[in-house]
Amino acid sequence: MIWYVHNAWAGQVRERMHMTETFDVKLAEKVCRPDPSCRERSWIGDRDTAYRRYLDDPEGFWAAIAGELEWFGPWERVLEWNPPHARWFTGAKLNITHNCLDRHVAGERRNKVALIWQGENEGDEQVYTYRQLHRSVMRFANALKRLGVEKGDTVCIYMPLVPEQIVAILACARIGAVHSIVYGGFGTSALNARIRDAGAKIVITADVGYRRGRRIALKAIVDEAVVNAPSVERIVVLRRSKPEIELYSEMEVDFNEIMEAADPFCRPEAMDAEDPLFILYTSGTTGTPKGIVHTCGGYMVGTYYTTKYVFDLKDNDVYWCTADPGWITGHSYIVYGPLAVGATVLITETVLDYPDPGIWWRIVEDFGVTVLYTAPTAIRMFMKFGEEWPNRSNLESLRILGSVGEPLNPEVFDWYWRVVGRSSCPILDTWWQTETGMHMIATLVGEPMKPGFTGRPIPGVVADVVDREGNPVPPGIGGLLVIREPWPSMMRTVHNNDERYLKYWSTIDGLYTAGDLAVKDEDGYIMILGRSDDIIIVSGHNLGTAEVESALVSHEAVAEAAVIGVPDAVKGQAVKAFVILRLGYEPGEQLKSDLIYHVRMSIGPIAMPSAIEFVQSLPKTRSGKIMRRVLKAQEMGIDPGDISTLEE
């Protein structure tokens, strides 16, 4: 095998993309082949046949997938495409929770396990059948109605990974409320910004989450975040700790109490296919996070299709996605996709190294997990701990391994394939985004796997690697990753800012530009090289440089700040900050600690800088724009390229 695209080298490649349209890339030669029976038994069958079927009749392809689901009213047209805006399944009526719950309850899956939850303490478990989950969702949906939530209202969900979070998500969708989930690791400022932008009427939270034996006081963060959020009328609190905390404000109500008092039956609201389903905020490069809007019909079809046909989920599978619903992976591949398929979904509040690095592998063995979907960051952590931990558990139940969040580099692929998958489980590397809603590029079950390459565009997706004029580049030549044709689960807009949506389609006219650099090989396999913009990917999570910089500058000691992503052996990238201090403040280790803590409280632990360097000036263009690539080149010891626009 040829090892390639180490983080530092990938950074150099990204810098070169600023100077030239394309660049040469040395490709790998190793291919791993799963047992041929994997493809023979898969839902997708032969990928090339399915892809030709899509190319021959794109709308017919998607209509056939949509026909596997239940609709309250038919569509008039599969697609209305007025670039760059799309409408899918126009005129159709549906409710996504009907497909996630009611149609299973009405059939053979009524008493099938839908949801398994394990808490941080081993043995702390809850199990919901589809019938039980259906009833809980209906009750909580009615509870929301009694609080005044109506179709079109926005509900913010800020909770730990507990079954009640899934119930709250589905209850919103059932009554046509737009949910906006905020990851429970975000701090006060980040939560407040998202509540305000979405105009949330209700905030649903918990008193605490648990992490590595510690209580995380979520409600205290909410209390501060809603002070400047005039749209919020009520706060719903899931009280987990004993003794229970008191609810003081007239705004505050108890999750379980309002649920128990609600009527047991709630008819699903008939939604138009293009009605909004949720807003999910993702980091941008221009300041405030972007509220990505997804709609009911196309998103349902896209997540159902990819969950069934990419993961190849069968009725007897136990499926575990290790993400959090606060990210798009959790939306699409913990909640909506798997439940639409009728899967048994495992969720857990545990982290991968507490109480020891064997906990995840014990969970796989204990629950008989068959499909595991996790991030390269997690795999790198396990590599650090050593093979002894997975080897202590029986992992023979695993039949499919998935990867998400960032490129799966060859070293990590090899360990995942050999140690976890016993050199027999297909590894489904996947590339997609919050904006795409569903998998776009993947190595499908049974296909040859090329370590370092995500795979090929799945049937239904037309992806390409191009130069800055939109021309396809030859194999082995790097360029920009683009999508050429619309797909059902594509975002419809950016909340309150359609101009930001249009930018995705204006970098190269008529093409969706993902913001990633990539390269294809002779077989059409695509390798993702990293971001071409000012996004930092930490443990698979996107952070906008502007948001982190804003948090730093909000500290009284900071006059100006710039942040970059630097290579990190475990996280992929870490945040490094360059800080100019105000007059009267002196650099020091205590101030560094204070600034790191300030970012943690403003945004969350994921954004904490791993290093802070105090500087007298920052490299800027003559127009005043910070040249982060110069800082990055300096940090990595590479040529910064063209600096003719540098002010000094």
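The values are calculated or read from the model by the stated rules, or taken from the named source; none is laboratory data. Every value quoted in this text rests on a predicted model; they were computed, and no experiment measured them. Methodologically, a virtual Cβ is constructed for each residue, glycine included, from the backbone with ideal geometry; neighbour enumeration extends over all protein chains shown.
Annotations for the structure displayed:
- Total residues in region 368-387, condition over 29 Å from residue 316 (Cα atoms) and either of a type outside the set (A, V, I, L, M, F, W, C) or crowded, with 20+ Cβ neighbours inside 10 Å (or both): 3
- Residue match in region 280-290 (condition: within 19 Å of residue 96 (Cβ to Cβ) and assigned to a strand (DSSP E or B)): yes
- Of the numbered criteria (1) closer than 22 Å to residue 518 by Cβ; (2) not in a loop (DSSP other than H, G, I, E, B), the one residue 389 fails is (1).
- Restricting the first member to region 555-568 and to residues that are in the same structural domain as residue 628 (by TED's automatic domain parsing), and the second to residues that are outside any strand (DSSP E or B) and among the small types (Gly, Ala, Ser), the beta-carbon pairs closer than 6 Å and six or more apart or on different chains are 567/8.
- Count of region 333-357 residues, restricted to those that are out of contact with any Lys or Arg (no Cβ under 9 Å at 6 or more places or on another chain) and either on the phi > 0 side of the Ramachandran plot or part of a helix (DSSP H, G or I) (or both), is 6.
- Those strands (runs of 3 or more DSSP E) of region 486-605 in which 1 or more residues are surrounded by 20 or more Cβ atoms within 10 Å (Cβ to Cβ) and in contact with a Pro (Cβ under 8 Å, 6 or more places away or on another chain) occupy 512-520, 526-531, 541-544, 558-568, 572-581.
- Residue tally, condition under 13 Å from residue 321 (Cβ atoms), touching a Gly at 6+ places or on another chain (Cβ under 7 Å) and modelled with pLDDT of 95 or more, over region 375-419: 1
- In region 412-424, the residue that is surrounded by the most Cβ atoms within 10 Å (Cβ to Cβ) out of those that are more than 30 Å from residue 280 (Cβ to Cβ) and of a type outside the set (Phe, Trp, Tyr) is 421.
- So residue 616, is it among the polar types (S, T, N, Q) and exposed (fewer than 15 other Cβ atoms within 10 Å of the Cβ): yes
- Of everything in region 234-256 that is exposed (fewer than 14 other Cβ atoms within 10 Å of the Cβ) and either acidic (Asp, Glu) or assigned to a strand (DSSP E or B) (or both), the residue that is nearest to the chain's Cα centre (by Cα) is 244.
- Considering region 108-157, and only residues there that are among the polar types (S, T, N, Q) and in a helix (DSSP H, G or I), the residue that is farthest from residue 323 (Cα to Cα) turns out to be 142.
- Residues of region 418-444 satisfying the condition of being touching a Ser or Thr at 6+ places or on another chain (Cβ under 6 Å) and among the aromatic types (Phe, Trp, Tyr): 431
- Residue tally, condition within 22 Å of residue 235 (Cα to Cα) and modelled with pLDDT under 95, over region 124-145: 0
- Residue within region 577-585 that is under 25 Å from the mean Cα position of the chain (by Cα), farther than 23 Å from residue 403 by Cα and basic (Lys, Arg) present: no
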